[in-house]
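*Asks:* Have a look at the structure that comes next, please.
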């Protein structure tokens, strides 16, 4: 199934948009998803030469930090993919800061992190009236810290990056 967006908008011909609300009630087990996003999947591809790559959000923050800790890396690099030259990406920076705080065993206040996401430039499109492409429920999903109990690791398989949950590896 093709899932994705360009600048937040659904892609014509794709099966699903990149919207948690759109996929939340679907049974996607035993489905292969091909994801295309303007920022996140592009960032993973650009980081393809890194030794280990995790794709993270607040929804998998603690499992991601735990998985990174198990590797005992000397250096951890965060790639905040939503950051642009004209601003933005505050939500990605908040997520990176939160995961870094977990790695350093100095966890930040979750309410403060969620408030940073809510006040980000990206959040405004979910709180203003639009044509339905940005449901406010997607923002609620984005604010759910540790909704899932797995991390998402990008593996190199047949010259492609394939995301697998740590439950699957």
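The values are calculated or read from the model by the stated rules, or taken from the named source; none is laboratory data. This is a predicted model, so every value here is computed, not measured. Here Cβ is always computed from backbone atoms with ideal geometry, including for glycine, and neighbour counts include all displayed protein chains.
*Asks:* Being in a helix (DSSP H, G or I) and surrounded by 14 or more Cβ atoms within 10 Å (Cβ to Cβ) is the filter here, so list the residues in segment 67-84 that pass it.
*Replies:* The initial filter retains those residues of segment 67-84 that are in a helix (DSSP H, G or I), namely 67-71.
Correct list: 67, 68.
*Asks:* With the condition kept exactly as written, say whether any residue in segment 161-169 is at pLDDT 95 or above, under 24 Å from residue 49 (Cβ atoms), within 14 Å of the chain's Cα centre (by Cα) and assigned to a loop (DSSP other than H, G, I, E, B).
*Replies:* No.
*Asks:* Within segment 1-14, how many residues are surrounded by fewer than 16 Cβ atoms within 10 Å (Cβ to Cβ), under 12 Å from residue 36 (Cβ atoms) and without any contact (Cβ under 8 Å) to a residue 24 or more places away in the chain?
*Replies:* Residues that pass the stated criteria total 1.
*Asks:* Here is a further query. I need the full set of residues from segment 24-42 which are surrounded by fewer than 16 Cβ atoms within 10 Å (Cβ to Cβ) and either touching a residue at least 12 places away in the same chain (Cβ under 8 Å) or in contact with a helix residue (DSSP H, G or I) (Cβ under 7 Å, 6 or more places away or on another chain) (or both), in order please. Please lay out each step first, then the result.
*Replies:* First, the residues of segment 24-42 that are surrounded by fewer than 16 Cβ atoms within 10 Å (Cβ to Cβ): 24-34, 36, 42.
Matches in segment 24-42: 24, 28, 31, 32, 33, 34, 36, 42.
*Asks:* Right, another one. Can you tell me which condition residue 130 does not meet? The list is (1) touching a strand residue (DSSP E or B) at 6+ places or on another chain (Cβ under 8 Å); (2) over 27 Å from residue 50 (Cβ atoms), and all the others hold.
*Replies:* Only one criterion in (1) touching a strand residue (DSSP E or B) at 6+ places or on another chain (Cβ under 8 Å); (2) over 27 Å from residue 50 (Cβ atoms) is unmet by residue 130, namely (1).
*Asks:* Now for a separate question. The conditions are (1) out of contact with any helix residue (DSSP H, G or I) (no Cβ under 8 Å at 6 or more places or on another chain); (2) surrounded by fewer than 16 Cβ atoms within 10 Å (Cβ to Cβ); (3) over 25 Å from residue 140 (Cβ atoms); (4) modelled with pLDDT of 95 or more, and residue 45 fails exactly one of them. Which is it?
*Replies:* (4)
*Asks:* For segment 132-148, which residues satisfy the criterion of being assigned to a loop (DSSP other than H, G, I, E, B) and out of contact with any helix residue (DSSP H, G or I) (no Cβ under 6 Å at 6 or more places or on another chain)?
*Replies:* Of all residues in segment 132-148, those assigned to a loop (DSSP other than H, G, I, E, B) come to 132-135, 143-148.
Of everything in segment 132-148, those that are assigned to a loop (DSSP other than H, G, I, E, B) and out of contact with any helix residue (DSSP H, G or I) (no Cβ under 6 Å at 6 or more places or on another chain) turn out to be 132, 133.
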